[in-house]
1. For the stretch 1-88, evaluate the Debye formula with one uniform point scatterer on each Cα (no solvent term) and list log10 I(q)/I(0) at q = 0.20, 0.22, 0.23 Å⁻¹, rounded to two decimals.
2. Calculate the translational D of the stretch 97-187 in whole µm² s⁻¹ from Stokes-Einstein, where the hydrodynamic radius comes from the Kirkwood formula applied to all Cα pairs, the temperature is 4 °C and the viscosity 1.567 mPa s.
3. Which whole-number percentage describes the relative contact order of the chain, with Cα contacts under 8 Å and a sequence gap of 6 or more?
4. Which of rounded, prolate, oblate describes the stretch 43-102, given a ≥ b ≥ c as roots of the alpha-carbon gyration tensor eigenvalues and a/c under 1.5 marking rounded, otherwise prolate only if a/b is larger than b/c?
5. Please arrange 24, 1 by counting, for each residue, the other beta carbons lying within 10 Å of its beta carbon, fewest first.
6. Principal axis lengths of the stretch 140-202 from Cα atoms, whole Å, largest first?
7. Distance between Cα centroids, the stretch 1-52 to the stretch 144-180: provide it in whole Å.
8. From the helices alone, meaning DSSP H stretches of at least four residues, give me the mean residue ellipticity at 222 nm for the chain, per-run term -39500 (n - 2.57), in deg cm²/dmol to the nearest 500.
Ligand code: MN3
């Protein structure tokens, strides 16, 4: 099987009280695991089983919808776990902070705009901070398990961070209160990891 479920880099309860342990356990062990299983089934015996998930996303228009949904699900969640962590939150620093300030005015403006993209995504999807093809930071959002790496994305670029706004990401604790989940989520953002991704793009 070419694709595997990555270990969660912290305990299920590590993000409490902002994201509860039961949500993390189901989200990682059931939802992400199902994307991996279904992706492996969808690529079995085909040339794409030898490609990286990034390479598959970049030419996703060539593949069946099962690869788009489950491959996107695998890429998106693999990123999502790493850009969160315990004892996190606060403000970005260094070159990433400078780039955010220059693109969005200041950190609070950035949070407002990113939160609006996450809250405004109708139904299931993701909000993203990306480096676009011109090398500029942009906030975008995608439906379902699409992502900005995909050649079908409205705005393409390299994701630095993504926020899952599917109901499965928050419903047990927050029910219909997506904006409360979004506000709480800032407390678990691992800015060191986001900064590392930013440095790797340039
Ligand atoms: Mn999810």
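Any read-out appearing in this document is the output of simple, stated calculations on the displayed coordinates, not a laboratory observation. Only a predicted model underlies this, so the values are computations on that prediction, with no experimental measurement involved. Positions of Cβ are backbone-derived with ideal geometry, glycine not excepted, and every protein chain shown enters the neighbour counts.
1. Taken in order of the listed q values, log10 I(q)/I(0) reads -0.87, -0.98, -1.04.
2. 96 µm²/s
3. On the way: 312 pairs, mean separation 49.6, N = 202.
The normalised contact order for the chain reaches 25 percent.
4. Values: a/c = 3.54, a/b = 2.34, b/c = 1.51.
Taking the square roots of the gyration eigenvalues as a ≥ b ≥ c, the stretch 43-102 is prolate.
5. Values: 24 22, 1 11.
So the ranking, lowest neighbour count to highest, is 1, 24.
6. The principal-axis extents, from largest down, are 38, 29, 14 Å.
7. Rounded to whole Å, the Cα centres lie 15 Å apart.
8. Values: 9 runs with 89 residues, N = 202.
Taking each H run of at least 4 residues, the total per residue is -13000 deg cm²/dmol.
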